[in-house]
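Notes follow the structure.
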């Protein structure tokens, strides 16, 4: 297998949160010659810089030789994934079992998260300004965590409920420890003692923590031919990693190239680290102030004349559930990178509908570089749907289309992709960066 696949498997195995992705991106970017934009007072063509945003999103620029107001080529993917977050007051004990209280993040099927090994990743910010990194439950010699479920022998009433109801969100609490003493809350106190010894924290420090519960274990090849990958968070880190790798290997750009890895897509791209913010505009303003001077019309022209690939995954055709798909307009595992003209739901609600001229330009680029691609919808009309970051980019007037890798079992704790599609995505993103 190629280095791209091996490195991708390592990347998603080690980076299961946005912060971890950004931290690894900075390390890889600096190795490739990128530098923090704050280290530069002035910039010139050929310079490569990055700008992290609260440690959870990051923007990378490779400055081209063409005037920047002619537009940029932007690869944009998101690095957040569905998961469980710890609540601000998560620790409690009930009838001899110590739990951590959670709140699910993004669109999940709650029943998929019970009775499986789980890990905790994240950070705890202390009042003295220090930031404690937490990673528990991943290593072979570490204990793991889980959410319990009712045994089938007494689950008659539970089984009568719909799939969206029989595991309530408030029941997705992590089993943490046992109280083997007669004293009330002795188990909780023992846990706090361990946390104080290991991390130097007290219970109140949970108030300023970002702790994410994710599936434990590494991504792996799937199938006898090793032609698939199974792992957590492939939506959308399969597009984020291939976008990043294509960007870091690119050199001698004519149009300025940008790789934008953002947070909060799974909950509507909200907040200061999501695309529905001034994140891109702020980053461009910092760049222009060091690269020929900032003015509003120059910034507007740069954004309006840009091309973007909203690098996001698409639902793969599931042969066991064909009634959900329009077969001729669905993407297949192993069919190459997917271009999705519009997403949304119902009558394209919440979509960004790419224009025909832009699609034709991309088709030519793919054909010229021998890249296998497919055009697809998510599913049959009115079956469901979902939005992406494309609509937030289109707000600037730029040309944008969704493009990415097909995923089977999307939003499950472990998702499935094709190694061929991952390779094609990397090649497609590389070709896109040279688009004129």
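The values are calculated or read from the model by the stated rules, or taken from the named source; none is laboratory data. Just so it is clear, the structure is predicted and the values come from calculations on it, not from any experiment. Because the Cβ atoms are built from the backbone with ideal geometry, glycine has one as well, and the counts that use them run over all protein chains shown.
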Fill in the blank from the handout: Residue hits (region 197-211; touching a helix residue (DSSP H, G or I) at 6+ places or on another chain (Cβ under 9 Å) and either buried (at least 20 other Cβ atoms within 10 Å of the Cβ) or under 25 Å from residue 79 (Cβ atoms) (or both)) are 199, 210
Exercise for the section: State whether one or more residues within region 316-335 are part of a strand (DSSP E or B), in contact (Cβ under 8 Å) with a residue 12 or more places away in the chain and closer than 30 Å to residue 35 by Cα. Expected result: no
Fill in the blank from the handout: Considering region 407-421, residues that are out of contact with any helix residue (DSSP H, G or I) (no Cβ under 6 Å at 6 or more places or on another chain) and under 21 Å from residue 343 (Cβ atoms), and then whichever is surrounded by the most Cβ atoms within 10 Å (Cβ to Cβ), we arrive at 421
Practice task
Restrict the check to region 381-393 and report whether at least one residue is surrounded by fewer than 19 Cβ atoms within 10 Å (Cβ to Cβ) and in a helix (DSSP H, G or I).
Solution key: no
Practice task
Working carefully through the options 146, 155, 125, 119, find the one that is out of contact with any strand residue (DSSP E or B) (no Cβ under 8 Å at 6 or more places or on another chain) and not assigned by TED's automatic domain parsing to the domain that holds residue 22.
Solution key: 155
Exercise for the section: Kindly indicate whether residue 172 is buried (at least 18 other Cβ atoms within 10 Å of the Cβ) and either in contact with a strand residue (DSSP E or B) (Cβ under 7 Å, 6 or more places away or on another chain) or more than 21 Å from residue 143 (Cα to Cα) (or both). Expected result: yes
Problem - Subset tally (residues that are assigned to a loop (DSSP other than H, G, I, E, B) and at positive phi) for region 122-164 - result: 2
Exercise for the section: Filter region 54-79 for residues that are in contact with a helix residue (DSSP H, G or I) (Cβ under 6 Å, 6 or more places away or on another chain), more than 27 Å from residue 365 (Cα to Cα) and either surrounded by fewer than 21 Cβ atoms within 10 Å (Cβ to Cβ) or not assigned by TED's automatic domain parsing to the domain that holds residue 401 (or both) and give the result. Expected result: 55
Practice task
Have a look at 129, 96, 107 and point out the one that is touching a residue at least 12 places away in the same chain (Cβ under 8 Å) and either surrounded by 19 or more Cβ atoms within 10 Å (Cβ to Cβ) or closer than 25 Å to residue 264 by Cβ (or both).
Solution key: 107
Problem - Candidate set from region 338-378 (those that are touching a strand residue (DSSP E or B) at 6+ places or on another chain (Cβ under 8 Å) and at positive phi); member that is modelled with the lowest pLDDT - result: 344
Completion exercise
Filtering region 275-309 for residues that are part of a loop (DSSP other than H, G, I, E, B) and free of Cβ contacts under 8 Å to residues at least 24 places away in the same chain leaves a count of 5
